[in-house]
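Everything on this sheet refers to the single structure shown next.
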Amino acid sequence: MVPGRKAFTTFLSRNGYNASIVQEPETPFQDHVTATTGIPRSARRPEHPCRAQLWGSRNYESGHTDPSVVGLVYVAAHMPDSGEKESDDGKRFPSDLAKSGAIKKTPDGFTYIDPAQFHGLFAADLPSD
Amino acid sequence: MARSQVLHFADNFSATIAIAAWRTKPSWMIVAGGDRTINPDLERWYAKRAGSHTVEVAGASKVTIVEPGGFRTDFAGSSTQLSEGHPEYDATVGTTARFQRDYNGKQPGDPKKAAPAIVQVTQEQKPPLRLLLGSDAYKRAEKNDLARLEDAKTWKELSLSTDFESEFPHPARTK
């Protein structure tokens, strides 16, 4: 189960794995856990959920209880412990993004990266378009 | 890309994790060495704490300088205007112009072979900083670098004599 990451999923499928892509709802955390929990039950093989740049609720939490989850892969990801918050862990080693002031917030409580700084901070190794 | 970014629910950044799955399941961490969104040192710290199998990927951007020899791209032919110039400059400008005209079409390099060679290094995990293309480029670089090495060897004792602790005698200061 791979949030986003189409190329990676294609690679896994080609190598005989049953890979699914999950887009977690960009709403409260518990929704992610609910949304991703049903996925492995429909998969034939044991799964390695992969926490990509999107929310890793599955890896963070719900993978603990699901017996079909045999391993957890964190791709450049947060890996908080029980009782921790991702935002607090981030303060241990602040990122360039955190220091940039480029994280903006909408009035209804959603965050995004200032489009003018997005490429340099989030995808500097990709073509700018 | 910036315009298609998906907005995140802000409170999720500060959601408290009830049970960390990595406590009970084997885990893998892929550290992005050039990550600017999450500090790579934090990714390493997480992986160490969890005892994860760790794979480190260096910064994603890699640079290769292609150093080609002569290739039959018609660069020196119809795409260049050649002029003999004034007779006073015949020994330099004239000679160069004649060389270019005669050399065009005789370069050893095949452009159709150069392109896939360049594509190949883009697929390498560890591409070279410099990629020579063509036998002429290779021979010239080899000759140049060997000459430089010979020079270095000739003066090696003097080069090494300037360390605080050196087995080689340092030349006395001239008055």
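The values are calculated or read from the model by the stated rules, or taken from the named source; none is laboratory data. Quick caveat: nothing in here was measured; it's all calculated off a predicted structure. For neighbour counting, all protein chains shown are included, and Cβ atoms are generated from backbone atoms with ideal geometry for every residue, glycine included.
Out of everything in the stretch B:43-68 that is at pLDDT 90 or above and part of a strand (DSSP E or B), what residue ends up being farthest from A:VAL70 (Cα to Cα)?
Residues of the stretch B:43-68 at pLDDT 90 or above: B:43-54, B:64-68.
Now drop any that are not part of a strand (DSSP E or B), which leaves B:53-54, B:65-68.
Details: B:HIS53: 14, B:THR54: 17, B:ILE65: 44, B:VAL66: 45, B:GLU67: 49, B:PRO68: 50 Å.
Ranking the qualifying residues of the stretch B:43-68, first place goes to B:PRO68.
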Looking at the stretch B:101-116, is at least one residue at pLDDT 90 or above, touching a strand residue (DSSP E or B) at 6+ places or on another chain (Cβ under 7 Å) and farther than 23 Å from B:SER79 by Cα?
no
Selection over the stretch B:107-134 where residues are in contact with a Lys or Arg (Cβ under 8 Å, 6 or more places away or on another chain), in a loop (DSSP other than H, G, I, E, B) and under 13 Å from B:GLY70 (Cβ atoms) yields a count of 2
So which helices (runs of 4 or more DSSP H) are wholly in the stretch A:14-129 and hold at least 2 residues that are modelled with pLDDT of 70 or more, closer than 30 Å to B:THR122 by Cβ and within 8 Å of chain B (Cβ to nearest Cβ)?
A:96-100, A:115-122
Matching residues, the stretch B:119-139, being loosely packed, with under 14 Cβ neighbours inside 10 Å and touching a strand residue (DSSP E or B) at 6+ places or on another chain (Cβ under 8 Å):
B:LEU129, B:ARG130, B:TYR138
Qualifying residue in the stretch B:85-100 (condition: modelled with pLDDT of 95 or more and among the small types (Gly, Ala, Ser))
no
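Looking at this structure, is B:ALA18 more than 16 Å from A:GLU84 (Cβ to Cβ), of a type in the set (Gly, Ala, Ser) and in contact with an Asp or Glu (Cβ under 9 Å, 6 or more places away or on another chain)? It would help to see each step written out before you state the result.
Working: more than 16 Å from A:GLU84 (Cβ to Cβ): no; of a type in the set (Gly, Ala, Ser): yes; in contact with an Asp or Glu (Cβ under 9 Å, 6 or more places away or on another chain): yes.
For B:ALA18, the condition - more than 16 Å from A:GLU84 (Cβ to Cβ), of a type in the set (Gly, Ala, Ser) and in contact with an Asp or Glu (Cβ under 9 Å, 6 or more places away or on another chain) - is not met.
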